[in-house]
Amino acid sequence: IKNTNPFKKLNDEIFVYVAKKQKEIDELKRLEQFRREFLADVSHELKTPIFAAQGFIHTLIDGAVDDENVRDKFLAKAAKSLDGLDALVKDLVALSQLETGEVKMNFDRVDLRHVTQDIFEQLEKITHTKRISLQLKAAHIGPILVKADPQRIAQVMTNLIENAVKYGNEDGRVLVALEDDKKQVVVSVRDDGPGIPPEHLSRIFERFYRVEKSRSKDRGGTGLGLAIVKHILNAHKAKITVMSKLEKGTTFRFKLEKVD
Ligand code: ADP
């Protein structure tokens with residue numbers, strides 16, 4: 001029997017409209033919640049280096065400046081706190097632009113071998129101090145070309161390799177492998193460091209999440225490195241995975257599209 005209720009169509013339309021509006025309201029609420037949490041996290045993280053630098057400077061003003069040894073030590077500590085603040089602000093700007101989708105990726109041909117070698121050179125000082133050996137294993141001789149945003153992908157590789165060195169053991173080894181998988185290059189960064197406890201693994205890509213707060217901050221970490229990595233790879237339609245075994249080490253892996 002044909003439905004002859006003249007209001008049925010109107011009713012259905014109203015229902016669809018209300019459901020759509022409700023969805024928009026939910027999305028706005030989610031964004032507002034996100035914004036509020038982000039602001040709270042950021043103010044908390046900014047306060048730490050600011051308070052530290054303030055403390056050292058005020059102690060100097062209050063008289064510590066007269067003792068040469070104390071003066072140099074406190075000045076160095078204040079400078080270190082401000083360097084940390086500088087790194088934090090830079091990472092924050094990068095992350096907030098990525099999160100709001102403000103940045104456009106500039107895709108180009110990128111040689112991952114070259115990118116990796118550049119980063120190895122930049123890390124020479126710290127790897128030398130910790131006696132860590134950096135190794136590159138590539139699928140073939142010559143350039144390893146992928147389609148990517150050159151600067152952003154260099155940032156991803158830097159963050160991952162720097163973490164491997166930072167959290168890795170002294171006398172350890174960091175291996176960057178660039179392997180072939182059909183039309184893609186599989187990139188992996190492996191260390192033989194202390195590993196990440198399984199209960200933390202799913203959270204390390206969240207902003208400001210740190211496994212060991214003090215250790216990470218000691219090593220100059222902002223807690224944003226992996227969140228930035230995840231967002232950049234997202235924009236490359238690449239997913240990052242992590243495998244880790246306590247006392248054995250950690251491996252991060254993702255794939256990028258090959259180009260000729
Ligand atoms: P951070 O600036 O603190 O290094 P990240 O976002 O880069 O922040 O990393 C988040 C946390 O994940 C770190 O604080 C550290 O606890 C852990 N982590 C990252 N990479 C490694 C690694 N290769 N080995 C062990 N722990 C790691």
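The values are calculated or read from the model by the stated rules, or taken from the named source; none is laboratory data. Predicted, not measured: the structure shown is a model, and the values here were computed from it. Note that we place each Cβ from the backbone using ideal geometry, even for glycine, and neighbour counts take in every protein chain shown. Just so you know, the surface numbers come from the protein's heavy atoms only, side chains and all, with ligands and any DNA or RNA stripped out. Shrake-Rupley method; radii C 1.70, N 1.55, O 1.52, S 1.80 Å.
For (1) under 30 Å from ASN234 (Cβ atoms); (2) part of a helix (DSSP H, G or I); (3) in contact (Cβ under 8 Å) with a residue 24 or more places away in the chain, each residue gets a yes or a no:
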residue	(1), (2), (3)
ILE57	no, yes, no
ASP86	yes, yes, no
GLN97	yes, yes, no
ASN106	yes, no, yes
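Against the definition (on the phi > 0 side of the Ramachandran plot and small (Gly, Ala, Ser)), how does GLY101 come out, yes or no? It is true that GLY101 is on the phi > 0 side of the Ramachandran plot and small (Gly, Ala, Ser).
Residues that are more than 12 Å from VAL187 (Cβ to Cβ) and open to solvent by 20 Å² or more (accessible area, probe 1.4 Å) within the range 245-256 comprise LYS245, LEU246, GLU247, LYS248, listed in sequence order. Among the residues of the range 207-244, those identified as in a loop (DSSP other than H, G, I, E, B), open to solvent by 40 Å² or more (accessible area, probe 1.4 Å) and at pLDDT 95 or above are LYS237, LYS239.
Taking the conditions (1) among the charged types (D, E, K, R); (2) within 12 Å of the ligand (Cβ to nearest atom); (3) within 21 Å of ALA94 (Cβ to Cβ); (4) open to solvent by less than 40 Å² (accessible area, probe 1.4 Å) in turn, GLU162 satisfies each one other than (4). Within the group ILE204, ILE153, which residue is modelled with pLDDT of 95 or more and within 12 Å of the ligand (Cβ to nearest atom)? Going through ILE204, ILE153 in turn, just one is modelled with pLDDT of 95 or more and within 12 Å of the ligand (Cβ to nearest atom): ILE204.
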